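As structure tokens, the structure follows; a few thoughts come after it.
The values are calculated or read from the model by the stated rules, or taken from the named source; none is laboratory data. If you're wondering where the values come from, they're calculated on a predicted model, not measured in any experiment. Backbone-built Cβ (ideal geometry, glycine too); neighbour counts: all protein chains shown. Just so you know, the surface numbers come from the protein's heavy atoms only, side chains and all, with ligands and any DNA or RNA stripped out. Shrake-Rupley method; radii C 1.70, N 1.55, O 1.52, S 1.80 Å.
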Amino acid sequence: MLTRRDWLRLTAAGALGASASGWLPALASTAAHDPKRKRSCILLWMSGGPSQIDTFDPKPGTDTGGPFKAIDTAVPGIRVTELLPTVAGQMKHLTVVRSMATKEGDHGRATYQLRTGYAQQEPLQYPTLGSLVSKELGDPAAELPGFVSIASRRGLNDGGFGAGYLGANYAPLLIGNSDNDPYVPTPTARALAVPDLKPGPGVSLGQAEARLTLLGEQNAGFAEEYASAAVSGVSAAYDRAVRLMKSPARAAFDLDDEPAALRDRYGRNLFGQGCLLARRLVERNVPFIEVFLGRVPGAFGGWDTHAKNFDALKALCGILDPAWGTLMADLTDRGLIDTTAVVWMGEFGRTPRINGGSGRDHYPTAWSVVLGGGGIKGGQVVGKTDKTGGTVEDRPVAGPDLLATVCAAIGVDPTKQHLSNIGRPIRVVEKNAKPIAGVVA
Amino acid sequence: MRLELRAFVLLFAAAPWATASDVHAIKLTQQIDTRIAESLKAGGRVAAARANDAEFLRRLSLDLVGRIPTVAEAREFLDDISTDKRAKLVDRLLASPEYTANAARLWRSILVPQATTNPQTQYLGVSVEAWVRDRLRTGATDDMTVRDLLTARLDYLDWTPDRKANPAPGLSPVGFYQANDLKPETVGSAVARTFLGLKLECALCHDHPFDKWTQKQAWETAAFFAGVAPLEPEIKPASGLVNRRELKINDTASIASSRFLDGVSPNWAVDSDPRKALAAWLVRKDNPYFARVMANRVWASLFGVGLVDPVDDWGPHNVPSHPQLLDDLAAAYSASGFDPKTLIRAIVLSDAYQRTSHLTHPTQSDPRRFARMNVKGLSAEQLFDSLALATGHRDPAPATADLAFGWPARSPRGLFIAKFGGGAGRTDMQVSILQALSLMNGDWLADQTNPTKGAAVKAIASVPFLDDAGRVEVLFLSTLSRRPTKTEADRYLPFLTGADDKARATSDILWVLVNSHEFLVNH
């Protein structure tokens, strides 16, 4: 029987030998059928806080309902907004939670709380979910990092995006988060590439090789002689960086391997192509990938739709729907849906009340998230809001409960404790958190 | 008479070992050595050897002025044969403007830790750091700085669209209050945590099971800052509001009145301003926390780990590793009038600080026993400033407009710090994969090590008075602050001499040295 490491080595060797087209289907089916395959999670993060009423908790015909109609989905009885027809077709893989009830209405603090499960408490930095999952499910010997973050926008709050006390080994590999306009209508290869994988300007490949050889000699023995967390951190980061530079696994980031038709279905935009990249990374056993959807043409505040909410929702869902729907279908086609959890969420919802500028404001009291894919019992709705969406009437869910549910779905023990950098053991998810009943498959 | 005084100043001011603070420092150094030696002996630990001059020089420079030494500084120090050269170096660095700038950076990371990781509050760090730097330049001791911080005028000028106050122009520590959301309870918790090492945050919502601090006490502390929250919709706090002393507890109807954590109520006849009353109580010499907490922070900044660690979470659950030593440090700090230089001078000349970080015995591995020096990570600023020095990069001065609007400067330094930020030189600081890739392959460092663009490479490769051995030596001095070992010279000299393109080979060696583990840590 092959060990996980043997298997990795074999696929790496295969990658060197075979052409991309011959290799990819083989990889997908191996990945899907490996009995020891660990689970992965794709987090679709909606920066700014998406309106629940205009997405998954429609209230047609009420004062707060807005102009969009509700449509039937693949699961009888569950209705969502007309803006999400492709996602509606995937409803048998999805659980809609309509009863998120949180307390924080500030972008920064809410983002931190929803992404780490803890309130921000300086100076202890809690790790974001992706770092926790990367620590629990990642393979330290893997060529790809255990946590890839695509198109993240950190303007609202940098806390809650990093590895916190877990340390830089579990920090996300950031892709497509250029400081310049993050929206690239037609992402070039560079938009979703790992930065700085190739030698810098003016340095030839041969020269880079010679430098790395000299660097290895220069470092020889230092990590042992000066054994410490600081040196082992530097050493681990350089090892993984060099591994990635030299590895055939970096081909994961080359979307040109994919059929043009499939790329079109995902949508030729940063989020769509990011979702496609997420699937490619899942195939290569990366345990956690997050893809951000925020600012797009027609919605420059992302989901933070204080004004012109309905126009913005059309623009945002026009990108969200094909990408997410295609992702679910693609994961299913490749036999990966049962081992890949997909989570759709933002930091809070938006007011049922429509303000004078046709906008909706921050609303943590009653909002929706969607869980789907591996480890999640699909085709159901959890919780209920009242007629106008103002309050949660059934099964309120707190932020840490949601994280505990995701952990349970992908096989991470939410009660496990980690030793923080300040010497205090801290649970993956806080003590009182419970997975939402009936959601984990 | 006047002439005599001048003569006295001339004679003794030029001889730093004779100043009053140094008498304290020498005594304190001896106390540190005794305490640590006792504890090592009791634990059966083998102390590491004394660090060599190069190791000491590089460490001290990074710790006190935030960068590696220059080639000239390294040569001068390594070639100095006088026996008191380490003490002289300490005095020189402590007297330099760079020390003040570095100290202000440390204060900023302590006062506005949010600014290190959150770009949204980064501008607050810039303004608070500028304010501290200005205070330190005028010779403010720590108690003065803390007092000024706590009693700072809060003349908020106007609001941003998302209802955050904009700072008044000019140097002001108001960013400290803004970083804490202008909320009395958040400011109160930050003050308690920063200067008393007490975590009241948890007690704000419920009585903490492990701590003796109650919810009531947390709110009584917060009540001192009742006036920092401008009442909406007023733009400025109306006069009198600053003297608010009472605060509604969270969502309840109860009211908390300002009261010190020792249970005593302020004498409002003496101090009508609650913040002044709190500041006076905080820095009192009989306050059991302030001097210890501050002295412990100085220790932690030099050793990478505090005697109490984490440094801002004191209590029965987190006791000091060397309680008597902590008392000694606090007493000396207090006696010096809260002058951190007295502490620093004493600590950096102790045996513990001067030990090598080379692990030579298994009993040396616990970072909290100080049997060897701890290896510390570099902060983003230490790393950039050291890289700039080693490669000859000069960052353009940031546009004032950038700073005024609070955006991180678009200079290479600003961008680098944004990319590498997130730590403040703790022993467990780590670098990420992307940071490693950026150092190895990124445009900025590629340019700085480029044979036709990098200032240091160009100079080293072309100056006529250096032979190849001299070039290798300068490359080592400029990066690792030491001369190459024989093995290293044997490796790099043929590499350089045999190269067709000398400038390119020089750039290769520079690239290797700045990417080496040795360069990337403070060891």
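Of all the numbered requirements in (1) surrounded by fewer than 21 Cβ atoms within 10 Å (Cβ to Cβ); (2) at pLDDT 85 or above; (3) among the acidic types (D, E), A:D196 misses one, and that requirement is (1). Each residue in region A:349-365 was checked for being in contact with a helix residue (DSSP H, G or I) (Cβ under 9 Å, 6 or more places away or on another chain) and either more than 21 Å from A:G298 (Cα to Cα) or open to solvent by 10 Å² or more (accessible area, probe 1.4 Å) (or both), and 6 pass. Restricting the first member to region B:340-356 and to residues that are within 10 Å of B:I32 (Cα to Cα) and among the charged types (D, E, K, R), and the second to residues that are open to solvent by 20 Å² or more (accessible area, probe 1.4 Å) and part of a helix (DSSP H, G or I), the beta-carbon pairs closer than 7 Å and six or more apart or on different chains are B:D351/B:D33.
Based on what the data block shows, is B:S438 closer than 30 Å to A:R243 by Cβ, at pLDDT below 95 and either surrounded by fewer than 24 Cβ atoms within 10 Å (Cβ to Cβ) or of a type outside the set (A, V, I, L, M, F, W, C) (or both)? It is true that B:S438 is closer than 30 Å to A:R243 by Cβ, at pLDDT below 95 and either surrounded by fewer than 24 Cβ atoms within 10 Å (Cβ to Cβ) or of a type outside the set (A, V, I, L, M, F, W, C) (or both). Within region B:332-352, the set of residues being modelled with pLDDT of 95 or more, among the hydrophobic types (A, V, I, L, M, F, W, C) and either open to solvent by 30 Å² or more (accessible area, probe 1.4 Å) or in contact with a Gly (Cβ under 8 Å, 6 or more places away or on another chain) (or both) comprises B:L349 only. Residues that are modelled with pLDDT of 90 or more and in contact with a strand residue (DSSP E or B) (Cβ under 8 Å, 6 or more places away or on another chain) were ranked within region B:304-316; the one that is farthest from the other protein chains (Cβ to nearest Cβ) is B:V308.
For region B:243-259, indicate whether the set of residues that are under 27 Å from B:L106 (Cα atoms), outside any helix (DSSP H, G or I) and of a type outside the set (V, I, T) is non-empty. Within region B:243-259, none of the residues are under 27 Å from B:L106 (Cα atoms), outside any helix (DSSP H, G or I) and of a type outside the set (V, I, T). Considering only residues in region A:371-406 that are open to solvent by less than 20 Å² (accessible area, probe 1.4 Å) and out of contact with any Ser or Thr (no Cβ under 7 Å at 6 or more places or on another chain), the one that is farthest from A:G301 (Cα to Cα) turns out to be A:G375. Checked against the criteria, A:D139 counts as under 21 Å from A:R280 (Cβ atoms) and either among the acidic types (D, E) or not assigned by the TED database to the domain that holds A:P287 (or both).
For every residue, the table says whether it meets (1) of a type in the set (D, E, K, R); (2) open to solvent by 30 Å² or more (accessible area, probe 1.4 Å); (3) over 15 Å from A:G146 (Cα atoms).
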{"position": "A:A230", "(1), (2), (3)": "no, no, yes"}
{"position": "A:V242", "(1), (2), (3)": "no, yes, yes"}
{"position": "A:A249", "(1), (2), (3)": "no, no, no"}
{"position": "A:D257", "(1), (2), (3)": "yes, yes, yes"}
{"position": "A:A260", "(1), (2), (3)": "no, yes, yes"}
{"position": "A:R263", "(1), (2), (3)": "yes, no, yes"}
{"position": "A:Y266", "(1), (2), (3)": "no, no, yes"}
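When B:H517 is tested against (1) open to solvent by 10 Å² or more (accessible area, probe 1.4 Å); (2) more than 10 Å from every other protein chain (Cβ to nearest Cβ), just one condition goes unmet, and that condition is (2). The helices (runs of 4 or more DSSP H) found wholly in region B:441-500 and carrying at least 1 residues that are without any contact (Cβ under 8 Å) to a residue 12 or more places away in the chain, open to solvent by 30 Å² or more (accessible area, probe 1.4 Å) and within 11 Å of chain A (Cβ to nearest Cβ) occupy B:443-448, B:486-497.
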